[in-house]
Amino acid sequence: MDNRGCFITLEGGEGVGKTTQLRKLADRLRLETNREIIPTRSPGGTVIAESIRDILKQRNREEDLLPESELLLFGVCHSQMSEKLIRPALARGAILLSDRFTDSTLVYQGYARGLSADFVRQINSFSCRGLKPDLTILLDLDPETGFRRTGLRAGNAENMQEDRFDSESMEFHQKVRNGFLAIAAMEAERFVIIDASGSIEEVHQHIWETVRAKLGLL
Ligand code: TMP
């Protein structure tokens with residue numbers, strides 16, 4: 001890994017605990033290394049990407065966001081993130097932790113929405129100029145359990161006013177889970193799959209062992 005930084009992503013469906021686990025991992029890395037630690041998220045992480053996040057997440061009652069538009073907007077977010085945040089941080093030797101990145105695009109817009117997976121791969125590669133995470137941790141959980149944890153119900157009309165993704169059907173979220181497992185199998189050298197059904201501490205410990213081995217920490 002030389003002096004270059006390390007880019008680690010956390011992926012998975014709704015309610016798997018990515019956000020909590022990312023925070024805990026960042027805290028532990030700050031405690032146990034003297035490296036610069038940058039937590040971020042997708043969509044988001046830069047000023048422009050954060051404002052696009054609102055368009056992507058919130059249901060607009062006056063105008064539907066088309067799947068094609070959605071894909072392109074995620075591409076914009078990943079482009080801004082890669083060039084404005086991730087590459088400069090990696091050049092400084094930082095450890096970047098991202099709550100989702102382009103694997104979510106392949107799974108949500110490709111596998112779940114049904115856009116061509118090959119085309120989504122091309123958009124991902126184009127928007128990030130080929131940047132890929134060094135390590136991707138997939139937190140795997142049955143979506144029914146994930147939704148129970150968030151207190152939301154898939155396909156619930158109440159969520160609809162709020163979040164475009166949470167309000168998708170359970171079938172959509174099953175496709176997301178299966179899609180993540182399929183791409184993890186295709187890139188087994190980059191992905192580590194962790195069972196997210198355990199307690200917060202158990203899952204954290206598993207993530208910590210994985211990251212520690214990747215960074216070569218004793
Ligand atoms: P979250 O920050 O709560 O995980 O919300 C982000 C939502 O956006 C989540 O439902 C997954 C979705 N998403 C995509 O559909 N494609 C993508 O490329 C990314 C990064 C997220």
Given unit charges at Cβ for Lys, Arg (+) and Asp, Glu (-), the dipole magnitude of segment 43-105 about its Cα centre in debye, nearest 20, is 360 debye
Per the rule of 0.36 nm per residue minus the C-alpha distance, extending A26 to K84 adds in nm 18.8 nm
Counting only DSSP loop positions in segment 15-81, the trypsin sites (Lys or Arg not before Pro) whose Cβ has at most 13 other Cβ atoms within 10 Å are R61
With every protein chain kept in place and a 1.4 Å probe, the residues L85, L66 fall, from largest accessible area down, as L66, L85
Checked against the positive end of the charge dipole of the chain (+1 on Cβ of Lys and Arg, -1 on Cβ of Asp and Glu, about the Cα centre), the farthest of L115, L152, P88 is P88
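Would you mind calculating the relative contact order of segment 88-218 from Cα pairs under 8 angstrom and at least 6 residues apart, reporting the percent as a whole number? Please list the in-between numbers first.
Numbers: 108 pairs, mean separation 32.8, N = 131.
Averaging sequence separation for qualifying contacts and normalising by length gives 25 percent for segment 88-218.
Report the rotationally averaged projected area of segment 177-218 based on its alpha-carbon convex hull, in square nanometres.
On the way: hull surface 13.7 nm².
Quarter of the Cα hull surface area: 3.4 nm².
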DSSP beta bridges in the chain: the antiparallel percent, rounded to 5, is 5 percent
Whole-Å distance linking the alpha carbon centroid of segment 28-55 with that of segment 115-133 is 20 Å
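For a Förster distance of 25 Å, can you work out the FRET efficiency between the beta-carbons of D54 and F119, rounded to the nearest 0.05?
Values: r = 25 Å, r/R0 = 1.02.
Result of the calculation: an efficiency of 0.45.
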With DSSP loop assignment and no more than 16 other C-beta atoms within 10 Å, the GluC sites (Glu not before Pro) in segment 93-183 are E162
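Pairs of Cα atoms under 8 Å, at least six residues apart: use those to get the relative contact order of segment 1-90, whole percent.
Numbers: 52 pairs, mean separation 27.9, N = 90.
Taking the mean separation of contacting Cα pairs over the length of segment 1-90, I get 31 percent.
Kindly provide the GluC sites (Glu not before Pro) of segment 1-85 that DSSP labels as loop, not H, G, I, E or B, and whose Cβ sees at most 13 other Cβ atoms within 10 Å. If you can, show how the numbers build up before the last one.
Working: sites: E11, E14, E32, E36, E50, E62, E63, E68, E70, E83; in loops: E14, E36, E62, E63.
Those satisfying the criteria are E62, E63.
In terms of solvent-accessible area of protein heavy atoms at a 1.4 angstrom probe, what is the ranking of T33, T105, T20, highest value first?
Working: T33 25, T105 5, T20 50 Å².
From most exposed to least exposed: T20, T33, T105.
How compact is the chain by the rule of thumb for globular proteins, expressed as Cα Rg over 2.2 N^0.38 Å?
Numbers: Rg = 16.7 Å, N = 218, 2.2 N^0.38 = 17.0 Å.
So the Cα radius of gyration is 0.98 times the expected 2.2 N^0.38 Å.
The values are calculated or read from the model by the stated rules, or taken from the named source; none is laboratory data. Keep in mind it's a predicted model, so treat the numbers as computed, not measured. All Cβ positions, glycine included, derive from the backbone under ideal geometry; neighbour counts span all protein chains shown. Accessible surface areas use protein heavy atoms only, side chains included; no ligands, DNA or RNA. Shrake-Rupley method; radii C 1.70, N 1.55, O 1.52, S 1.80 Å.
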